[in-house]
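**Student:** This is the structure, below, for whatever I ask next.
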Amino acid sequence: MKGFHFTLSQRRRLKELGADSYVNLTFKNEKERDSVFDNLARSLEQKHKEALLNLLKITKRPLIRRLESKLIGALTSAGFVEVNTPFIIPREFIERMEIRETHKLWKQIFWLGDGRCLRPMLAPNLYHVMRLLRKFTKPVSIFEIGPCFRKESKGREHLEEFTMLNVVELAPDNEPFERLMEIINIVTKSAELSHYRLKNVKSEVYGKTTDVIIGENEIASAAVGPHPLDKKWGIFEAWAGVGFGVERLAMIKMDTKRIRHVARSLTYLDGASLDVQ
Ligand code: ATP
Ligand code: MG
């Protein structure tokens, strides 16, 4: 294309500051380009600085953590109980999910070398806890929110450590899919993200899932049981379950195109670059 483009380092800086839509601008000459870059970078840096000051002086907690608290509040108010399970899980849990060496997900697991791994999902732990709680009460309505780990060839929507919110109800009083929709609505309503759509998708683990989509992003995958996996976990009732990516929710709320801006990070805090003067 004719004209002058931003240099590689200018582009990198604009992307760091979240100005992806500007990186392909063209200019008459270098002087014009550099002057546009300087103005743009200065005003973006100012925005990031203001966002950091807002966190330091007013909000005190990043949006993603506040969102987590809100989701926990909405779910406990709706009768769900929070569980708190290990990040490190046995290989047997992966195998019992029928995730095999041929599966994409198998290759994404961080193995610890002693027959254990960092959990790539919450489902195995929730299956386990659900079986132990089902003798006390039914329905069993539980959720966990916390880190999961997957090797990812890095992209704008993928992190190697991300936060999953998994909500499940065993033996619901109404029809499982109907209950699933209610659960999705509790979460999306409390996140103030009610404009989602649903899409049926094939899944390596569950056979098929119903994905929850906002814009172009999958924010959650959901499924209902009974499912052939269940008997391996000592589960025999119907269930409804959904796993949300909390950073994906935060991305939409903060209107950022890059997930690492809202992720656990040493270079970003609450969507703002820490590398501004
Ligand atoms: P994707 O197709 O986007 O890679 P997935 O279908 O493999 O995701 P699931 O196993 O369905 O992911 O996990 C449930 C939710 O967790 C996803 O809908 C997504 O919001 C979130 N999630 C999964 N993997 C990641 C990741 N690497 N980084 C951030 N969020 C993730
Ligand atoms: Mg999915």
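**Student:** Mind listing just one residue for me: the one in region 178-200 that is under 28 Å from Arg100 (Cα atoms) and more than 18 Å from the chain's Cα centre (by Cα) and, of those, modelled with the highest pLDDT?
**Tutor:** In this case the residue turns out to be Leu180.
**Student:** Sticking with this structure for a sec: Give me the residue from region 212-241 that is more than 23 Å from Met130 (Cα to Cα) and touching a Leu at 6+ places or on another chain (Cβ under 9 Å) and, out of that set, nearest to ligand 1 (Cβ to nearest atom).
**Tutor:** Per the stated criteria, the residue is Ile219.
**Student:** Step by step: first the residues of region 103-150, then only those that are away from ligand 1 (no atom under 16 Å from the Cβ) and of a type in the set (Ser, Thr, Tyr), then the one that is nearest to Ala222 (Cα to Cα). Which residue is that?
**Tutor:** Restricting to residues being away from ligand 1 (no atom under 16 Å from the Cβ) and of a type in the set (Ser, Thr, Tyr), the top hit is Ser141.
**Student:** What do you reckon, is Glu68 part of a helix (DSSP H, G or I), among the acidic types (Asp, Glu) and farther than 30 Å from Leu112 by Cβ? Full working, then the answer.
**Tutor:** On the way: part of a helix (DSSP H, G or I): yes; among the acidic types (Asp, Glu): yes; farther than 30 Å from Leu112 by Cβ: no.
No; evaluated as a whole, the condition is false for this residue.
**Student:** Quick one: in region 13-37, which of the residues that are among the charged types (D, E, K, R) and over 34 Å from the mean Cα position of the chain (by Cα) is surrounded by the most Cβ atoms within 10 Å (Cβ to Cβ)?
**Tutor:** Arg33
**Student:** Is one or more of the residues making up region 151-161 outside any strand (DSSP E or B), within 16 Å of ligand 2 (Cβ to nearest atom) and touching a Pro at 6+ places or on another chain (Cβ under 6 Å)?
**Tutor:** Looking through region 151-161, none of the residues is outside any strand (DSSP E or B), within 16 Å of ligand 2 (Cβ to nearest atom) and touching a Pro at 6+ places or on another chain (Cβ under 6 Å).
**Student:** Somewhere in region 114-132, is a residue in a loop (DSSP other than H, G, I, E, B), within 21 Å of Arg65 (Cβ to Cβ) and under 21 Å from the mean Cα position of the chain (by Cα)?
**Tutor:** The answer is yes; a qualifying residue exists.
**Student:** Quick check on my filter: what residues within region 212-241 are within 12 Å of ligand 2 (Cβ to nearest atom) and either part of a helix (DSSP H, G or I) or surrounded by fewer than 19 Cβ atoms within 10 Å (Cβ to Cβ) (or both)?
**Tutor:** If the condition is that a residue be within 12 Å of ligand 2 (Cβ to nearest atom) and either part of a helix (DSSP H, G or I) or surrounded by fewer than 19 Cβ atoms within 10 Å (Cβ to Cβ) (or both), then Ile213, Asn217, Glu218 are the ones that fit.
**Student:** Could you tell me whether Glu178 is away from ligand 2 (no atom under 14 Å from the Cβ), of a type in the set (D, E, K, R), free of Cβ contacts under 8 Å to residues at least 24 places away in the same chain and farther than 22 Å from Arg131 by Cα?
**Tutor:** Yes.
**Student:** If Ile64 satisfies every condition in (1) among the aliphatic types (A, V, I, L, M); (2) modelled with pLDDT under 95; (3) within 30 Å of Glu182 (Cβ to Cβ) but one, which is the exception?
**Tutor:** (2)
**Student:** For region 207-223, give me each residue that is under 13 Å from the mean Cα position of the chain (by Cα) and more than 16 Å from Phe177 (Cα to Cα).
**Tutor:** Listed by number, the residues that qualify are Ile213, Ile214, Asn217, Glu218, Ile219.
**Student:** Considering only region 190-207, state which residues are over 21 Å from Ser69 (Cα atoms), among the hydrophobic types (A, V, I, L, M, F, W, C) and away from ligand 2 (no atom under 12 Å from the Cβ).
**Tutor:** Leu198
**Student:** Here is a check on your reading of the model: is Lys202 more than 17 Å from Leu122 (Cα to Cα) and within 14 Å of ligand 1 (Cβ to nearest atom)?
**Tutor:** yes
**Student:** Within region 242-277, how many residues turn out to be surrounded by fewer than 21 Cβ atoms within 10 Å (Cβ to Cβ), more than 14 Å from ligand 1 (Cβ to nearest atom) and under 26 Å from Leu75 (Cα atoms)?
**Tutor:** Going through region 242-277 one residue at a time, the tally reaches 2.
**Student:** A further question on this structure: Anything in region 100-113 that is of a type outside the set (Phe, Trp, Tyr) and assigned to a loop (DSSP other than H, G, I, E, B)? List them, or say none.
**Tutor:** Here is the first cut: in region 100-113, the residues of a type outside the set (Phe, Trp, Tyr) are 100-105, 107-109, 112-113.
Correct list: Arg100, Glu101, Thr102, His103, Gln108, Ile109, Leu112, Gly113.
**Student:** Then there is this: Pick from Leu75, Leu56, Leu40: which is in a helix (DSSP H, G or I), without any contact (Cβ under 8 Å) to a residue 60 or more places away in the chain and in contact with a Leu (Cβ under 9 Å, 6 or more places away or on another chain)? It would help to see each step written out before you state the result.
**Tutor:** Working: Leu75 fails: without any contact (Cβ under 8 Å) to a residue 60 or more places away in the chain; Leu56 fails: in contact with a Leu (Cβ under 9 Å, 6 or more places away or on another chain).
Exactly one residue qualifies, and that residue is Leu40.
The values are calculated or read from the model by the stated rules, or taken from the named source; none is laboratory data. Just so it is clear, the structure is predicted and the values come from calculations on it, not from any experiment. Every residue, glycine among them, receives a Cβ derived from its backbone with ideal geometry; neighbour counts consider all protein chains shown.
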